[in-house]
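What follows is a single structure, written as structure tokens, with notes after it.
The values are calculated or read from the model by the stated rules, or taken from the named source; none is laboratory data. Here the structure is a predicted model, which is why all the values come from computation and not from measurement. Quick reminder, even Gly has a Cβ in these numbers, built from the backbone with ideal geometry, and neighbours come from all protein chains shown.
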Ligand code: SF4
Ligand code: SF4
């Protein structure tokens, strides 16, 4: 099956799958990004820079295409940069970039626009493969995706309640895998993992919710958990919110797929703030403390922080804001929580 | 501040001041509505409804020129907004947030400060702007009307050759349709606020007026390209152009553009140069350095180096003129959808700037690398490389447009001096 890269959670896996592709989230780890550095300013996040570097390298030759959603401004720019490097003849042959113009502000116009672009994406994929995406294939892909979501929700249950059994460090690795794997295979493995986790003793320690920059590695969780806390949720698309609700299998599949990615996928561009905050508001009341992580490169969530801080203060929910992963204040915060 | 060489510049500043005083009076005494909007909004829709607009960037530049930015931004940071966040678009918000502080210097805010608007509106370009405006709207107790911004995916070469007559080919039709649909909702809001009905004829007339205004600017641009020495300094170009752009299409704006053209023409005819010792023609790429506009004349005496180009004048004719106004809303949509691509993103920004550099006989370019305005620093490396490939030496200037904190004017002038000595 030809492999296509995607850069975020908001590219409809089911559609790519039904078109006969093997979708993979691009999440390369790169300490140095010499190819990207030639074109991309330092203001880009390390994640986007690493993706760009990867796409310009020979490693990307295995990808038939890369689908970039308009889920952040940086991704739109990544798309334009990639095209420009190709136009200038400065790259051997990076995968074909495809922009998925999904918008995230909630309005009747943006909704209609996004639905139409989802149909466009389907046509583009059909052109790439030379064959139509059949309704049956969509139904199968939706069923596969939903089964994997169910498996993830099973894992997430082990992070809930007063006695969680799954650490954040493990959860991020277990959940994150679904972005890279065949989802049928993923479902089986996740279910097996769940059976094992259910037999464990609960993990002790203050339960933490993380908010802020994307947790696409377990490192920050591990840094928190090293102090005796347990990360039970993170408000981004990698961990707790990766699965969300199922795709409605009873309505028109294209509409159902679009609805899922428009209404139920976290993105930095979700608007209004009230809608964007809803999940956080609910989750924050279920934990012992919140850690907001705003690293140097943050230029978005920092705008939300004072509002979220006020929300937490009003409800007397303990919280801490850190700008460095290895902040000494984390230990003190957790100790405070542990001592009640 | 450098002396103003053109009478027009003095008149533009006086007019803006009087305009703002009248706006305040209308809002406070007659409860008339006005709007705070992002610079890249379709101001014409507001003008057609007689709703005056204050642009966020204009206000930020004013605050910055009054040297109030450090106080406001320190306060913004003290409220918990960290110092890595965008400053250009948030300085005006910061001024509003500071107005609730005890002992605040809002009395010293430019021209008495911003009154409460009837609405705020912005295009959702970067991911931060929706946040800045939402916070601001909540603080001011006024609604925020966003226009979402899909990304461009077809970018034909030499956009400026298509933008006037063939704009419907230049921009993807789904993006234009979407923008028009959003305009209809915005018009609905404006109708509710004003209690009057939108008049499409009026919009068409305004758009024709904008065309006329931009043609005057084009004549000025031509004169700057062709005259042996630049007849008008960059900073004065900006003052005259922007005073008219914020009110574009109005009788005053058209008349001012004409007067500006006439005055520049008189200077060219008489062989008057902004800097008689001009030897090096400089280009300023990026938004203005509003907290230190003297920077733009600092290299004339010693190096004969004159800033002759910035996007503010040059973008007018290429970015704004639209012919074929049967559907003025769609034409306006075409003017609105891609400001960002045209000014900040490859391939359009780099291609256009190189073209401009050639036409203006540019010897060297200074490219602003905005420090505190991170997301708008993009596209710069493509621009720098393209300029260099075209034989134009480039000096990147790391600075914030509005925030003087961390700006060392002396050091930067020395740095530019060394650069000029080398080229
Ligand atoms: S990125 Fe540009 S539009 Fe966005 S807040 Fe910064 S200066 Fe404003
Ligand atoms: S990002 Fe650029 S175009 Fe957008 S508002 Fe800021 S300066 Fe203007």
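The residues on offer are A:298, A:310, A:277, and the sole one that is assigned to a helix (DSSP H, G or I), under 21 Å from the mean Cα position of the chain (by Cα) and within 14 Å of another protein chain (Cβ to nearest Cβ) is A:277. Against the numbered list (1) over 25 Å from residue B:347 (Cα atoms); (2) within 14 Å of chain B (Cβ to nearest Cβ); (3) in contact with a helix residue (DSSP H, G or I) (Cβ under 9 Å, 6 or more places away or on another chain), residue A:137 comes up short only at (2). Of all the listed residues (B:324, B:391, B:406), the sole one being free of Cβ contacts under 8 Å to residues at least 24 places away in the same chain, assigned to a loop (DSSP other than H, G, I, E, B) and more than 16 Å from ligand 1 (Cβ to nearest atom) is B:391.
Restricting the stretch B:357-380 to residues that are away from ligand 2 (no atom under 16 Å from the Cβ) and part of a helix (DSSP H, G or I), the residue that is farthest from the other protein chains (Cβ to nearest Cβ) is B:359. Here is the figure for the stretch A:108-117: residues that are more than 7 Å from chain B (Cβ to nearest Cβ) and in contact with a strand residue (DSSP E or B) (Cβ under 8 Å, 6 or more places away or on another chain) total 1. Taking the criterion of being surrounded by fewer than 21 Cβ atoms within 10 Å (Cβ to Cβ) and either at pLDDT below 95 or assigned to a helix (DSSP H, G or I) (or both), the residues of the stretch A:281-294 that qualify are A:281, A:282, A:283. Could you look through the stretch B:146-158, keep only residues that are within 23 Å of the chain's Cα centre (by Cα) and surrounded by fewer than 22 Cβ atoms within 10 Å (Cβ to Cβ), and pick out the one that is nearest to residue B:339 (Cα to Cα)? Ranking the qualifying residues of the stretch B:146-158, first place goes to B:155.
Residue B:353: away from every other protein chain (no Cβ under 13 Å), in contact with a helix residue (DSSP H, G or I) (Cβ under 6 Å, 6 or more places away or on another chain), within 15 Å of ligand 2 (Cβ to nearest atom) and modelled with pLDDT of 95 or more, yes or no? It is true that residue B:353 is away from every other protein chain (no Cβ under 13 Å), in contact with a helix residue (DSSP H, G or I) (Cβ under 6 Å, 6 or more places away or on another chain), within 15 Å of ligand 2 (Cβ to nearest atom) and modelled with pLDDT of 95 or more. Applying the set (1) surrounded by fewer than 20 Cβ atoms within 10 Å (Cβ to Cβ); (2) farther than 25 Å from residue B:186 by Cα to residue A:116 leaves exactly one unmet item: (2). Taking the condition of being assigned to a helix (DSSP H, G or I) and in contact with a helix residue (DSSP H, G or I) (Cβ under 9 Å, 6 or more places away or on another chain), how many residues in the stretch B:1-57 meet it? Going through the stretch B:1-57 one residue at a time, the tally reaches 21.
The residues of the stretch A:319-332 that are more than 18 Å from residue A:308 (Cα to Cα) and either buried (at least 19 other Cβ atoms within 10 Å of the Cβ) or under 24 Å from the mean Cα position of the chain (by Cα) (or both), listed by number, are A:324, A:325, A:326, A:330.
Conditions tested, residue by residue: (1) buried (at least 18 other Cβ atoms within 10 Å of the Cβ); (2) at pLDDT 95 or above.
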site	(1), (2)
B:320	yes, yes
B:332	yes, yes
B:344	yes, no
B:357	yes, yes
B:378	yes, no
B:390	no, yes
B:420	yes, yes
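Of all residues in the stretch B:63-76, those that are at negative phi, away from ligand 1 (no atom under 16 Å from the Cβ) and either surrounded by fewer than 22 Cβ atoms within 10 Å (Cβ to Cβ) or within 14 Å of chain A (Cβ to nearest Cβ) (or both) total 6. Restricted to the stretch B:194-213, and to residues that are out of contact with any helix residue (DSSP H, G or I) (no Cβ under 7 Å at 6 or more places or on another chain) and part of a helix (DSSP H, G or I), which residue is surrounded by the most Cβ atoms within 10 Å (Cβ to Cβ)? Among those that are out of contact with any helix residue (DSSP H, G or I) (no Cβ under 7 Å at 6 or more places or on another chain) and part of a helix (DSSP H, G or I), it is B:211. Looking only at residues of the stretch B:244-277 that are under 30 Å from residue B:377 (Cβ atoms) and surrounded by fewer than 24 Cβ atoms within 10 Å (Cβ to Cβ), we find that the one that is nearest to ligand 2 (Cβ to nearest atom) is B:246.
Among the numbered conditions (1) away from chain A (no Cβ under 14 Å); (2) in contact with a strand residue (DSSP E or B) (Cβ under 8 Å, 6 or more places away or on another chain); (3) within 16 Å of ligand 1 (Cβ to nearest atom), the only one that residue B:286 does not meet is (1). Residue-level check: of (1) under 18 Å from the mean Cα position of the chain (by Cα); (2) surrounded by fewer than 20 Cβ atoms within 10 Å (Cβ to Cβ), residue A:92 misses just (1).
So that you can scan it fast, the table gives a plain yes or no per residue for (1) surrounded by 18 or more Cβ atoms within 10 Å (Cβ to Cβ); (2) closer than 26 Å to residue B:337 by Cα:
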{"site": "A:88", "(1), (2)": "no, yes"}
{"site": "A:120", "(1), (2)": "no, yes"}
{"site": "A:149", "(1), (2)": "yes, no"}
{"site": "A:178", "(1), (2)": "yes, no"}
{"site": "A:189", "(1), (2)": "no, no"}
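When each of B:191, B:219 is tested for being closer than 26 Å to residue B:309 by Cβ and in a helix (DSSP H, G or I), the lone residue that passes is B:219. Residues in the stretch B:159-188 that are surrounded by 17 or more Cβ atoms within 10 Å (Cβ to Cβ) and part of a loop (DSSP other than H, G, I, E, B): B:163, B:164, B:171, B:172. For the stretch A:72-101, a residue qualifies if it is within 9 Å of another protein chain (Cβ to nearest Cβ) and in a loop (DSSP other than H, G, I, E, B), and the qualifying residues are A:72, A:88, A:101.
The set of residues from the stretch B:328-350 being in contact (Cβ under 8 Å) with a residue 40 or more places away in the chain, part of a loop (DSSP other than H, G, I, E, B) and either away from every other protein chain (no Cβ under 14 Å) or more than 14 Å from ligand 2 (Cβ to nearest atom) (or both) comprises just one member, B:347.
The residues of the stretch A:21-63 that are within 14 Å of chain B (Cβ to nearest Cβ), in a loop (DSSP other than H, G, I, E, B) and either closer than 18 Å to residue A:76 by Cβ or modelled with pLDDT under 95 (or both), listed by number, are A:39, A:40, A:41, A:42, A:43, A:44, A:45.
Out of A:83, A:117, A:87, A:106, one residue alone is in contact with a helix residue (DSSP H, G or I) (Cβ under 9 Å, 6 or more places away or on another chain) and without any contact (Cβ under 8 Å) to a residue 24 or more places away in the chain. It is A:117.
Of all residues assigned to the stretch B:24-34, none qualifies as being closer than 24 Å to residue B:290 by Cβ and under 19 Å from the mean Cα position of the chain (by Cα). Total residues in the stretch B:58-67 satisfying the condition of being within 16 Å of ligand 2 (Cβ to nearest atom) and touching a helix residue (DSSP H, G or I) at 6+ places or on another chain (Cβ under 6 Å): the figure is 4.
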